[in-house]
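Here's the structure, in structure tokens; my notes come after.
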Amino acid sequence: MRIILLGAPGSGKGTQGDLMAKRYGFPRISTGDLLRQAVKMRTPLGRKAEAIMKEGLLVNDEIVEELVRERIADPGCRKGYILDGFPRTVAQAEALKEIDGKRPEIVIGVEVPSEVLMERLSRRRVCPSCQAIYNLIVQPPKDQGQCDVCQSKLVQRSDDEPDVIRERLKVYCEQTEKLKDYYLRKRSYRPVDGRGTIEEIFRRIVHILDEALGKDEMRRVET
């Protein structure tokens with residue numbers, strides 16, 4: 001089974017992806033993590049990506065798709081995997097179909113109203129020392145303004161400023177609206193209300209995935 005996570009910045013899909021990986025034993029594959037690891041390890045693809053990023057450009061689809069191809073070929077992905085950050089476009093979705101087209105898939109769309117996303121992102125704080133992330137609404141630190149892990153002073157990221165947030169959300173909507181329609185036509189898209197506590201949202205996702213994974217197992221037995 002392939003699980004694809006879709007969600008705007010601030011939707012909490014990264015947190016939900018980690019919880020899903022623990023419950024179902026599928027590795028969570030983040031394209032951002034793949035890029036950082038490839039650059040750090042100085043792989044051929046990593047060196048190409050680093051050169052592009054140093055020029056301030058977005059890494060092209062070809063490199064991202066090849067990183068995903070290499071990762072899902074790993075034996076640890078044989079039973080299934082969770083994709084977070086890929087695909088972002090219909091072209092990438094078509095590329096994924098070519099890379100691993102026979103695998104059953106389900107798309108979890110964590111849907112949150114834009115006004116809630118604005119509030120969440122504007123209340124996000126990060127630790128500059130250990131990179132721990134907090135939210136003053138749903139995941140506040142024990143001591144206001146201080147990291148629970150290393151006690152450093154928390155800061156607000158520059159891309160969490162209101163004007164920047166609006167632009168990020170606009171770009172996301174423009175990129176992913178066609179992708180959502182693509183998966184709706186394939187009947188694999190499952191919307192999830194992304195409002196509420198982390199535990200409440202996760203229960204909604206589990207309800208969908210338990211049913212989907214059960215059906216997937218039945219299909220394997222029949223074949």
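With θ taken as phi - 60° and the coefficients 6.51, -1.76 and 1.60, list the Karplus ³J(HN,Hα) couplings across the stretch 144-153 in order, rounded to whole Hz; mark glycine and proline as x. Result, ordered by residue: 4, x, 10, 5, 5, 7, 10, 6, 6, 6 Hz.
May I ask you to order 145-158, 81-94, 112-125 by the average number of other C-beta atoms within 10 Å around their residues, highest value first? Show your work: numbers first, answer last.
Values: 145-158: 13.7, 81-94: 19.2, 112-125: 17.6.
So the peptides 145-158, 81-94, 112-125, ranked by packing, come out 81-94, 112-125, 145-158.
When each of the peptides 166-174, 202-210 is scored by the mean number of other C-beta atoms lying within 10 Å of its residues, the order from highest to lowest reads 202-210, 166-174. Computed on the chain, with alpha-carbon pairs under 8 angstrom and 6+ residues apart, the relative contact order is 26 percent.
From most to least packed by mean Cβ count within 10 Å, the peptides 11-22, 97-108 give 11-22, 97-108.
Here the stretch 31-88 is assigned +1 on the Cβ of each Lys and Arg and -1 on the Cβ of each Asp and Glu. Its dipole about the Cα centre then comes out at about 220 debye. Here the chain is treated with +1 on each Lys and Arg Cβ and -1 on each Asp and Glu Cβ, and its dipole about the Cα centre works out to around 420 debye.
Since every read-out is calculated from the coordinates, none of them should be taken as a lab result. The shown structure was predicted, so the numbers you read here are calculated from the model rather than taken from an experiment. FYI the Cβ positions are ideal-geometry reconstructions off the backbone, even for glycines, and counts take in every protein chain you see.
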